[in-house]
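What follows is a single structure, written as structure tokens, with notes after it.
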């Protein structure tokens, strides 16, 4: 007995159902990443910097990955690990090079690490992105 051909409407319904399932899966993963970032932020605000960095380190998917790198960088700065923070800021800035706050904070971290020329370049980039920005202490225009 031959298998009846799928009608056009039935095929369309199957495709739409598949798209809905994929979207639901993506939303569930995204919600998990956002929850991890909220927890990491809370830990950082409570002064648990290593735990905040570890929690943010569990996020590896876009779009939350860039924010997770930022949380890790700020946790490293707060823990006094300026070299690690500079590397994390570099990775975060590679994902979002037009974020002036990220460029500014990366520059401040580079200055704290003693890398004045690199700090000046990133502060200039931050100023180019936001000319109204006030220069933080340690920088001159």
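Side notes on the structure shown:
- If you check 76, 62, 107, 13 for being free of Cβ contacts under 8 Å to residues at least 60 places away in the same chain and part of a loop (DSSP other than H, G, I, E, B), only one passes: 62.
- Of everything listed in (1) within 25 Å of residue 87 (Cα to Cα); (2) exposed (fewer than 12 other Cβ atoms within 10 Å of the Cβ), the single unmet condition for residue 12 is (1).
- Qualifying residue in region 40-50 (condition: more than 17 Å from the chain's Cα centre (by Cα), surrounded by 15 or more Cβ atoms within 10 Å (Cβ to Cβ) and either assigned by TED's automatic domain parsing to the domain that holds residue 81 or within 28 Å of residue 90 (Cβ to Cβ) (or both)): yes
- Tally of residues being in contact with a helix residue (DSSP H, G or I) (Cβ under 8 Å, 6 or more places away or on another chain) and either assigned by TED's automatic domain parsing to the domain that holds residue 61 or at pLDDT 85 or above (or both) across region 3-39: 6
A quick yes/no check of all residues on (1) surrounded by 16 or more Cβ atoms within 10 Å (Cβ to Cβ); (2) more than 30 Å from residue 25 (Cα to Cα):
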site: 93; (1), (2): yes, no
site: 125; (1), (2): yes, yes
site: 134; (1), (2): no, yes
site: 137; (1), (2): no, yes
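- Pairs are defined by a Cβ separation below 9 Å, a sequence spacing of at least 6 or placement on different chains, a first member in region 130-141 that is in contact (Cβ under 8 Å) with a residue 60 or more places away in the chain, and a second member that is outside any loop (DSSP other than H, G, I, E, B) and exposed (fewer than 13 other Cβ atoms within 10 Å of the Cβ); no pair meets this definition.
The values are calculated or read from the model by the stated rules, or taken from the named source; none is laboratory data. Keep in mind it's a predicted model, so treat the numbers as computed, not measured. Here Cβ is always computed from backbone atoms with ideal geometry, including for glycine, and neighbour counts include all displayed protein chains.
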